[in-house]
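Written below as structure tokens is the structure these notes are about.
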Amino acid sequence: GYIGYFPCYLLGFMVAAQMGAAIRRQIPDIATDWQKGDFDRLNKWLDQYVYQHGRMLSPDTLVIQATGSPLGPDALIQHLQSRYS
């Protein structure tokens, strides 16, 4: 039963990386808000692109609408390279 956990976590990490990249593209100075503990603009972005859709959209469609492209490994690879290189 434990074999199923890794793919689920990996997919979640890919979605998070891709959404994070989209947020940083649309709100380039968002990191300054996060450093201050201010998450208002992040929450507004999530409301607009994710939360308001609830279960009306499939996960694939939601990712495309929120980020502008289908789920893929590029954002995660860039995140890992910038974090660990």
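A few notes on this one:
- Yes/no for Leu46 being open to solvent by 90 Å² or more (accessible area, probe 1.4 Å) and aliphatic (A, V, I, L, M): no
- Ile77 vs. criteria of a type in the set (Val, Ile, Thr), within 11 Å of the chain's Cα centre (by Cα) and at pLDDT 95 or above: no
- Contact annotation: residue pairs with Cβ atoms under 9 Å, 6 or more positions apart or on different chains, pairing a residue in segment 1-20 that is over 16 Å from Pro59 (Cβ atoms) with a partner that is at pLDDT 95 or above, are Gly20/Ala75; Gly20/His79.
- Taking segment 14-33 as the range and being part of a helix (DSSP H, G or I) and either modelled with pLDDT under 95 or charged (D, E, K, R) (or both) as the test, the residues that pass are Arg24, Arg25, Asp33.
- Candidate set from segment 34-43 (those that are open to solvent by 60 Å² or more (accessible area, probe 1.4 Å) and of a type in the set (A, V, I, L, M, F, W, C)); member that is modelled with the lowest pLDDT: Trp34
- Among residues of segment 32-85, those that are more than 17 Å from Gln18 (Cα to Cα) and free of Cβ contacts under 8 Å to residues at least 12 places away in the same chain, counted: 17
- Extreme residue, modelled with the lowest pLDDT, among residues of segment 57-68 that are touching a helix residue (DSSP H, G or I) at 6+ places or on another chain (Cβ under 9 Å) and exposed (fewer than 13 other Cβ atoms within 10 Å of the Cβ): Pro59
- Of all residues making up segment 69-79, the number that are in a helix (DSSP H, G or I) and either open to solvent by less than 30 Å² (accessible area, probe 1.4 Å) or within 11 Å of Phe13 (Cα to Cα) (or both): 4
The values are calculated or read from the model by the stated rules, or taken from the named source; none is laboratory data. Small disclaimer: the values here were computed from a predicted structure and weren't measured. Because the Cβ atoms are built from the backbone with ideal geometry, glycine has one as well, and the counts that use them run over all protein chains shown. For the accessible areas, the whole protein counts, side chains as well, though only heavy atoms, and no ligand, DNA or RNA atoms are used. Shrake-Rupley method; radii C 1.70, N 1.55, O 1.52, S 1.80 Å.
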